[in-house]
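Engineer: Have a look at the structure that comes next, please.
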Amino acid sequence: MLYAMAATTLAGLATALGGALGALRRPGRQGMAFAMGFGAGVMLAVSLMDMLPGALGRYLAAFAPLRAGAMAASLVLLGLAAGWLLERALPEEAAFSGGEEGRVLRSALVTALALVGHNLPEGAMTLFASLDDPAVGLRLALAIGLHNLPEGLAVALPVLYATKSRGRAFLAALASGLAEPAGALLAFGVLGGRITASLVTGMAALVCGVMCWVSVAELLPTGLSLGRKEVTAAGFGAGLLAMTLGIALLS
């Protein structure tokens, strides 16, 4: 158990390492437009190239194609609705000091919350894989850690831009990364042996919808409002590239 928790925690702390890199230098306006595009690319790649195909594949292995597709699509749509409700529940930009920096900070908070939702089941998956086979769990933890690095950047950069505080930027990334061991402990302590592949699959599809909403409705519009569309698009491409490499390693 100790080894499994250590592997899960290290995977989560990679998000903090990405946050530490992001907190080194405050980006300018164009840099922030790039960073918002980068965050959107990271989250869409994780959602549509990793989480959704994985969930759909597991449903296809258990159900007829039409039923499997309907189940996956329904959960993604519920996730989109949950993302909309999450955004509506947060205060408007004025509550975050207003203006451009307030909008960026609000986007950073929505992003961090979505990544927490993503990291919770990921932590449970790493823990149970490590308990079943320590070698497999270690490889999984290393792969997840690699793709957590750009997630940490996606959280820290907008916080640094909005607050001008390196400490807050790092702590925001650290908090989202600690959702990994928290998810592992929650799954082990509350669910215990009752955790199932179906539960993890359903959570992944649901969170996929949340992250798609955050990317398309929050990060990309904020990036486009800050700078030239080419800059945001370049950041989006960089995020896709970074996460594609991470997903390839995770596979």
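The values are calculated or read from the model by the stated rules, or taken from the named source; none is laboratory data. Please read all numbers here as calculations on a predicted model, not as lab measurements. We place every Cβ from the backbone using ideal geometry, glycine too, and count neighbours over all the protein chains shown. Note: areas computed on protein heavy atoms with side chains; ligands, DNA, RNA excluded. Shrake-Rupley method; radii C 1.70, N 1.55, O 1.52, S 1.80 Å.
Engineer: Computed on alpha carbon atoms, what radius of gyration and Dmax characterise the chain, expressed in Å?
Structural biologist: 17.5, 52
Engineer: OK, next. If you take every residue apart from Ala204 with its C-beta less than 10 Å away from the C-beta of Ala204, what net charge results, scoring Lys and Arg +1 and Asp and Glu -1? Please report the intermediate quantities before stating the final value.
Structural biologist: Numbers: positive: Arg58; negative: Asp50, Glu122.
Summing Lys/Arg as +1 and Asp/Glu as -1 gives -1.
Engineer: With a 1.4 Å probe and every protein chain left in place, tell me how much accessible area Phe170 has, in Å² to the nearest 10.
Structural biologist: 70
Engineer: 222 nm [θ] for the chain, helices only, -39500 (n - 2.57) per DSSP H run of 4+, per residue, to 500? Kindly include the intermediate steps, with their values, before the conclusion.
Structural biologist: Working: 11 runs with 205 residues, N = 251.
Computed mean residue ellipticity for the chain: -28000 deg cm²/dmol.
Engineer: Sticking with this one: Of the residues Leu113, Leu85, Leu56, which exhibits the maximal mean-square fluctuation in a Gaussian network model of the chain defined by a 10 Å Cα contact cut-off?
Structural biologist: Leu85
Engineer: Once you keep just the Cα pairs under 8 angstrom separated by 6 or more residues, what percentage relative contact order results for the chain?
Structural biologist: Details: 460 pairs, mean separation 117.3, N = 251.
Reported relative contact order: 47 percent.
Engineer: Right, something else. Where does each of 10-18, 206-214 land if you order them by average Cβ count within 10 Å, highest first?
Structural biologist: Working: 10-18: 24.2, 206-214: 26.1.
Per-residue mean Cβ counts within 10 Å order the peptides as 206-214, 10-18.
Engineer: Then there's this: With all pairs of different alpha carbon atoms counted, what Kirkwood hydrodynamic radius in Å does the stretch 127-191 show? Provide the component values of the computation, followed by the final result.
Structural biologist: On the way: mean 1/r = 0.0757 Å⁻¹.
Evaluated on the stretch 127-191, it is 13.2 Å.
Engineer: Right, next: How large is ³J(HN,Hα) for each residue in the stretch 148-153, as worked out from phi by the Karplus curve 6.51 cos²θ - 1.76 cosθ + 1.60 (θ = phi - 60°), to whole Hz, x for Gly and Pro?
Structural biologist: 7, 4, x, 5, x, 4
Engineer: Please sort by residue number the trypsin sites (Lys or Arg not before Pro) in the stretch 106-170 whose DSSP state is loop and whose Cβ has at most 16 other Cβ atoms within 10 Å. List each step's numbers first, then the result.
Structural biologist: Numbers: sites: Arg106, Arg139, Lys164, Arg166, Arg168; in loops: Lys164.
Counting only loop positions with at most 16 other Cβ atoms within 10 Å, the trypsin sites (Lys or Arg not before Pro) in the stretch 106-170 are Lys164.
Engineer: Roughly speaking, what is the centre-to-centre gap between the stretch 213-228 and the stretch 103-122 when only Cα atoms are used, to the nearest Å?
Structural biologist: 15
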